[in-house]
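Worksheet: one structure, shown below.
The values are calculated or read from the model by the stated rules, or taken from the named source; none is laboratory data. Values in this document were obtained by computation on a predicted structure and should not be read as measured data. Here the Cβ positions follow ideal geometry from the backbone for every residue, glycine too, while neighbour counts run over all protein chains shown.
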Amino acid sequence: MKIEFRKIPLNSSEFEISSNSVKFLGTFSKISSKLAKINVNLSGDCPVDCCKCGKEMTITLDENINFLVSDGIYESAQNDDEEFVIVEVQDHFLDLNEILHSEIESLKSEYYICDTCKNNDNYVEIEY
């Protein structure tokens, strides 16, 4: 879902998009000419790899995330933006699919350990 930044409404608008079994459900609204706010719930099942053995496993997501989207380079005037994930767009379009895929890839890049590796202290690392 791609929206031109100047067409983002001042009133909150709801949206729902999904990728595989991950849902991105929330609201978005413009708070100034260059800033928009997105409040979402990221839920569903996401496949990730164990960082020790490489086995694929599934994690269950249920996270609330607040984004602050800037049309261009973000310049903070206050320190009250610490609760937001800052996203800068350069092409004057808010692309919710791109934000969803970015969050999924960010989650996949974290370290996860499968139950087998948690219970097995015989080795620290498998070498191939």
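Observations on the model:
- All strands (runs of 3 or more DSSP E) inside the range 1-106 with 1 or more residues being in contact (Cβ under 8 Å) with a residue 60 or more places away in the chain and within 30 Å of ASN120 (Cβ to Cβ): 22-30, 35-49
- Residue list for the range 8-21, filter: of a type in the set (A, V, I, L, M, F, W, C) and surrounded by fewer than 17 Cβ atoms within 10 Å (Cβ to Cβ): LEU10, PHE15, ILE17
- Matching option when the condition is exposed (fewer than 14 other Cβ atoms within 10 Å of the Cβ) and either within 25 Å of SER21 (Cα to Cα) or acidic (Asp, Glu) (or both), among ILE104, ILE59, ILE99, ILE65: ILE59
- Residue in the range 57-76 that is more than 20 Å from the chain's Cα centre (by Cα) and at pLDDT below 85 present: yes
- Residues of the range 1-56 satisfying the condition of being under 15 Å from the mean Cα position of the chain (by Cα), under 22 Å from TYR74 (Cβ atoms) and of a type in the set (Ser, Thr, Tyr): THR27
- From the options PHE24, PHE93, PHE5, residue that is surrounded by 13 or more Cβ atoms within 10 Å (Cβ to Cβ) and at pLDDT below 90: PHE5
- Tally, over the range 107-125, of residues that are at pLDDT below 85, assigned to a loop (DSSP other than H, G, I, E, B) and of a type outside the set (A, V, I, L, M, F, W, C): 5
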